[in-house]
1. Take Val385 and tell me if it is at pLDDT below 95, of a type in the set (Val, Ile, Thr), within 23 Å of Lys72 (Cα to Cα) and touching a helix residue (DSSP H, G or I) at 6+ places or on another chain (Cβ under 8 Å).
2. So if I check each of Ala134, Ala99, which one is out of contact with any helix residue (DSSP H, G or I) (no Cβ under 7 Å at 6 or more places or on another chain), more than 30 Å from Gly350 (Cβ to Cβ) and in contact (Cβ under 8 Å) with a residue 24 or more places away in the chain?
3. Let me spell it out: the conditions are (1) more than 19 Å from the chain's Cα centre (by Cα); (2) closer than 17 Å to Ser195 by Cα, and Asp387 meets all of them except one. Which number is the exception?
4. Can we say Glu52 is acidic (Asp, Glu), farther than 20 Å from Gly109 by Cα and part of a helix (DSSP H, G or I)?
5. Scanning segment 21-38 for residues that are surrounded by fewer than 18 Cβ atoms within 10 Å (Cβ to Cβ) and farther than 14 Å from Ala390 by Cα, which turns out farthest from the chain's Cα centre (by Cα)?
6. Within segment 216-228, can one find any residue that is more than 30 Å from Val285 (Cβ to Cβ) and of a type in the set (Asp, Glu)?
7. Give the residues of segment 315-332 that are aliphatic (A, V, I, L, M) and either farther than 14 Å from Pro251 by Cα or touching an Asp or Glu at 6+ places or on another chain (Cβ under 7 Å) (or both), sorted by residue number.
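The values are calculated or read from the model by the stated rules, or taken from the named source; none is laboratory data. Note that the coordinates shown come from a computational prediction; the quantities given were computed from them, not determined experimentally. For neighbour counting, all protein chains shown are included, and Cβ atoms are generated from backbone atoms with ideal geometry for every residue, glycine included.
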Amino acid sequence: MAAPTADVDLEGARSALASVCDDVVEATAEDGVDGVQPALVARPRSTAEVAEVLRAAAAHHLAVIPRGRGTKLTWGRPPERADLVVDLSRMSTVLDHAAGDLIVDVEAGTPLADVQRAVTGAGQRLAIDDPVGASTVGGALATNLSGPGRVMSGTARDLLIGVTVVRADGTVATAGGRVVKNVAGYDLGKLVIGSLGTLAVVTRAVFRLHPLPTARRYVTASAERPEDAQRLVQAVLHAQVVPAALEVDRPADGPATVGVLLEGTPAGIEERTATALRLLGDGAVAADQPPPGWGYFPWADLAARAGDRRPTALKVTFALSGLARVLAVARTAVQETGARLDLRGSAGAGVLYGALPPDTDPAAVRAVVERVRPVSIELGGALVVVDAPAQVKAAVDVWGPVPALDLMRRVKDQFDPERRLAPGRFVGGI
């Protein structure tokens with residue numbers, strides 16, 4: 001059995017948890033959270049049961065880590081402590097699909113793929129990309145997951161219209177659509193999105209849906225120089241092409257590729273495809289299937305080849321006008337360090353994700369970060385080390401400068417004054 005946090009009565013806690021949840025087990029090595037080993041895992045079936053579990057955890061001073069499928073549990077910093085994993089995988093039901101209203105109501109443990117299957121029959125979709133694969137609704141919200149489709153549909157923040165959460169003390173709070181009880185003074189949806197489970201456990205979400213297109217086409221073109229990539233992206237954004245998604249893929253070896261997804265009716269697609277081909281130049285091609293790697297984070301292939309070893313994953317945000325500059329400074333950084341850096345992302349929304357192999361020297365990672373981060377900040381964005389091996393997280397400032405950090409800490413104190421929800425995973429040790 002894993003060692004509990006000091007001063008925790010583990011046997012008493014387990015007994016209390018078992019009295020409110022029928023699935024409480026000892027944690028195994030597979031339940032570790034970024035190198036921190038919890039003692040227990042509870043798998044509640046409902047929001048009410050999650051509330052009872054968190055009340056029992058609070059009474060026994062347990063540090064709690066919410067979990068969906070665990071695909072992003074190493075993002076951010078390792079938690080300061082972890083006694084109990086609250087696994088939401090049994091809460092995986094699509095509760096309601098109001099097709100006429102373009103609304104879906106789902107439990108947080110539901111995989112995004114299951115949500116899509118549930119609404120596809122009505123000719124609808126939840127317009128949240130899953131660049132990881134196997135993400136759940138709760139995990140997508142906790143990490144603010146998005147992909148190239150955000151250029152048209154926005155992020156989860158834009159699609160979420162209602163949310164139910166359980167606070168650290170077991171209080172159930174709801175906000176937004178289809179609810180009657182709110183937490184005065186807070187927009188719960190905006191607060192919990194991207195907070196890595198440090199404010200509350202999301203148990204239920206209501207989303208706005210979009211109609212499925214009847215046709216789609218991908219148009220791609222090569223861009224040898226950073227300036228070429230920016231020129232092509234700007235040409236598409238400023239024309240009447242109306243891209244559903246816009247992605248730039250710049251592998252460590254070779255030129256960048258600008259990819260455009262067009263969606264709509266067959267007739268409309270043909271006309272807009274011709275326009276896109278003309279805008280992207282003589283080397284542009286159109287296809288019915290996406291280019292390799294489309295919509296996935298660039299570290300997905302590295303992770304698959306590396307086994308248990310994690311690549312370093314970066315997220316770089318910037319003003320749209322700064323794409324060429326970010327690509328250029330990244331190229332300079334890898335030339336200076338000898339590191340390999342793959343970049344891919346929604347350039348139409350000012351977001352690029354980077355991947356460095358697991359065996360990259362931490363000093364080289366730090367040099368790349370310290371080269372690119374100031375430029376991203378100057379361009380109104382940021383550079384965050386999303387995930388990395390332990391030795392890299394120890395050597396690199398994962399978050400960088402964080403605006404309004406004092407306010408964020410006050411919100412944490414309000415929601416979780418005892419710091420028991422994923423303590424330390426988020427910015428500034430929140």
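1. no
2. Ala99
3. With respect to (1) more than 19 Å from the chain's Cα centre (by Cα); (2) closer than 17 Å to Ser195 by Cα, Asp387 is out only on (1).
4. Here the answer is no, as Glu52 does not meet what is asked.
5. Within segment 21-38, the match that is farthest from the chain's Cα centre (by Cα) is Asp22.
6. Within segment 216-228, not a single residue is more than 30 Å from Val285 (Cβ to Cβ) and of a type in the set (Asp, Glu).
7. Hits for segment 315-332 are Val316, Ala319, Leu320, Leu323, Ala324, Val326, Val329.
Results for (1) outside any strand (DSSP E or B); (2) among the hydrophobic types (A, V, I, L, M, F, W, C); (3) surrounded by fewer than 17 Cβ atoms within 10 Å (Cβ to Cβ), shown as yes or no for each residue.
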| site | (1), (2), (3) |
| --- | --- |
| Ala339 | yes, yes, no |
| Ala355 | no, yes, no |
| Ala367 | yes, yes, no |
| Val372 | yes, yes, no |
| Ser376 | yes, no, no |
| Val385 | no, yes, no |
